[in-house]
Structure formats: C-alpha cells, structure tokens
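Here the structure comes first, spelled out in structure tokens, and everything after it is commentary.
Here, each number is a calculation from the coordinates, and none is a lab measurement. Given the structure is predicted, the values throughout are model-derived calculations rather than measurements. Note: ideal-geometry Cβ built from the backbone for every residue, glycine included; neighbour counts use all protein chains shown.
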Amino acid sequence: MVTGQRRTFSVPVLRRVLLHVKGEILWHEPLAPHTSLQVGGIADVLVIPADVEDVIRVVRSARMSHVPLMVLGGTNVIIRDKGIRGIVMQLKYLTNIQEEASQLVYAQAGVRLPRLMQFAFGRKLSGMEWAAGIPGTVGGGVVMNAGTRLGEMQDVLHAVDFVTIHGKRKRVDASTLSFLYRKTRLPQGIVVGAWIQLRSAAKDTIQSATKHYLQYRKTTQPLTLPNAGSVFKNPTGDSAGRLIEAAGLKGMRIGDAEVSMKHANFIVNRGGATAEQVLTLVRTVRDQVARKFGVRLQLEWKVVGEK
Ligand SMILES: Cc1cc2nc3c(=O)[nH]c(=O)nc-3n(C[C@H](O)[C@H](O)[C@H](O)COP(=O)(O)OP(=O)(O)OC[C@H]3O[C@@H](n4cnc5c(N)ncnc54)[C@H](O)[C@@H]3O)c2cc1C
C-alpha cells in the first residue's frame, strides 16, 4: 500500500508524525538488505511498529501530515535506486499466530508464509501446502494473492484484519473481496492479519505434498542467489519462463543483473546489481519477447520508489 503524495519530507516533519511510536524507527535506512533481491536505495525512515496499535498510530498521523506510507515485506518488490520518500513500514513484530477456532488459524501480517505452513503442519491442518518455499509475509501474501499451481491465498483466506487509510481497524470477509492472478482487490490500507480456514489431514499427506514442491523449487529455481521470485506473470495458456527461454535470453546480463540460467522468469543479483540494471534488463526481456512472439509480458513484481 502507498498512501499520500510524493514530496520531500524534512526530518522534523517525520519526527512529529512518529512522535508516539513505540516500535523501532530507523532514519535514512538502506533498504537493499531488507529485500530478497538486495537492490534499492534509502528510505527517509523505516518504521517497525511494536503492535497493531502502533500501526494505527502511524497511519493516522501520516495521513494527517500527508506523508506517504508503504508496507515492505521485501520478497516481491523492486525498490528504485533513489529510494523511498516518506515512511516505509515493516511488520516484523506482528508475528502472533494461533488456532482461534477449530481449523481456523489467525496469523498476524508479519508472519512468514513458511512459518504459517509449519504451524498448520504441526496441527495436522492442510491447505497451506502451496506456500512451501514462498518467503513472503502473510500480509504480502494476501495483497498479492500469492500462490502456485497447488493453490493460492484465495483458497484459504477467510477474512482479513485490516487498518484503513483513516486508521480504522476492521474485519473484511474474504467473500466480499475479488481475487485476480497475483492480486487481491482490497481497499487502500494495511493488512495486519488474516484468518485462514484449513482442514484436517494426515501429517504424511501434508508432508509429502510440501516435500515434493520444495524439491521441485530446489531443482528449478535459483534459490542460492538473491532474487525476488517470478518477474512476470504467466500469460494465459503459456509460461513467461518458456517464452523468455525460447527467445534465447537465459543468461542475458546487464551489470550484475542476470536472467537466471536455471529459470528464465527469475532475475538474479550476481553481487552488485543496481535497481537500474535490473529494470533495464526487465525492459529488454519484455521488448524482445514482444518482438519475437507478439506477447506483452506483465510484471508480477511491484516496482516502488523515486524515479
Ligand atoms: C525465491 C522466491 C520464490 C517465490 N515464489 C513465489 C510463488 O511461488 N508464488 C508467489 O505468489 N510468490 C512468490 N514469491 C514472491 C513473494 O514471496 C510473494 O508474492 C509474497 O506474497 C510477497 O510478500 P512480501 O511480504 O514480501 O510482500 P512485498 O513483496 O514486500 O509486497 C508486495 C506488495 O504488497 C504490499 N504489502 C506487503 N505487505 C502488506 C501489508 N501488510 N499490507 C498492505 N500492503 C502490503 C507491498 O507494499 C507491495 O505493494 C517468491 C519470492 C521469492 C524471493
């Protein structure tokens, strides 16, 4: 989520907005280490709220002062080299998870999907196997309708714990939302948690599905190098990776940004890539695939930050 208008903000203005925050406040924080691709510039300020009340406090005062605010999970976003003006919020302290009712799990937005999957497994609950190996958070997973061929967030999402841009907390039933491929249509605001509806199953059944999928990822994806997951959405009836590979673009490199040799729909950071190099490579791949096959690939990544 991004709210507010783009502007430069002085430290005194931001200090006033963040006056009552209980969590951590990191000024001029380099964001690359907070992302899985490890590129991108500096945030004016990175805020790590202590709890949901803290989130509400920041949302309300940021709105009153017209300071933009975005949430960063960090595994499907590319942050431009000039960084992000305003407030970046990371929800890494919102990590509670519990079985609230039979087979209904509540997870706060900062819980990583693999942990939610492990939690479900420990209680012999099935439904999250698709999340094996997806490193994002529950919040990002809801916003992106994260998923794989095994399933996606919309299959298990019961309701969303949500803070509106006015700083009001409300429960949004999943039945009132529409889900697209890697996108949930949500009102503007911040996901602070989600109720996930699972079902009982034998541990063996759950384990064999996740094991199989993790193995598949290991053999097909460049997991040992920094990356941000799939670059492009799969066009209907085809796969972005197949098209990029068929266009002969595997291994193409701009600076330290490289189209993975292992999976053509991944761009990896060979060490010192900049966001500019990554985004130039993205444009080049998109143009060449369009020229060769007449297919305009749509970006799955979210690109954020100052141009
Ligand atoms: C190795 C690897 C494999 C991956 N495999 C898959 C896969 O198989 N399937 C898949 O779907 N994805 C995959 N991903 C991508 C990613 O993990 C998911 O899309 C995940 O859902 C994004 O979560 P995130 O928390 O990192 O959010 P980010 O990537 O940081 O954010 C995505 C968007 O959601 C917004 N956002 C994040 N959290 C919140 C919140 N709490 N409230 C409001 N807005 C929010 C951000 O502002 C941004 O616009 C993979 C990534 C990697 C690195």
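Using θ = phi - 60° in the Karplus curve 6.51 cos²θ - 1.76 cosθ + 1.60, the 3J(HN,Hα) couplings for the range 165-182 round to 5, 8, x, 9, 8, 8, 9, 10, 5, 4, 5, 8, 9, 10, 10, 10, 5, 6 Hz; x is entered for Gly and Pro. A Förster radius of 30 Å combined with the Cβ-Cβ distance from residue 250 to residue 205 puts the calculated FRET efficiency at roughly 0.25. Straight-line reach from residue 203: taking Cα to Cα under 28 Å and skipping same-chain neighbours fewer than 8 places apart, the lysines in range are 124, 211, 218.
Think of the chain as having a plus end and a minus end, set by charges on the Cβ of Lys, Arg, Asp and Glu; of 266, 240, 20, 240 sits farthest toward the positive end of this dipole.
Which percentage, to the nearest 5, of the DSSP beta bridges contained in the chain is antiparallel? Roughly 80 percent of the DSSP beta bridges within the chain come out antiparallel. As a size descriptor, the averaged projected area of the C-alpha convex hull of the chain was calculated at 15.5 nm². Tell me, how many Å apart are the Cα centres for the range 110-127 and for the range 40-98? The range 110-127 and the range 40-98 have Cα centres spaced 25 Å from each other. Between the range 252-307 and the range 177-205, the C-alpha centres lie 28 angstrom from each other. Backbone geometry of the range 266-274 corresponds, through the Karplus equation with coefficients 6.51, -1.76 and 1.60 at θ = phi - 60°, to 3J(HN,Hα) couplings of 10, 10, 10, 9, 7, x, x, 5, 9 Hz, x marking Gly and Pro. About its Cα centre, the chain has a charge dipole of approximately 480 debye under the convention of +1 per Lys or Arg Cβ and -1 per Asp or Glu Cβ, with nothing else charged. Placing +1 on each Lys and Arg Cβ and -1 on each Asp and Glu Cβ, with no other charges, gives the range 213-256 a dipole about its Cα centre of roughly 100 debye.
Counting beta carbons within 10 Å around each of 232, 119 and listing the fewest first gives the order 119, 232.
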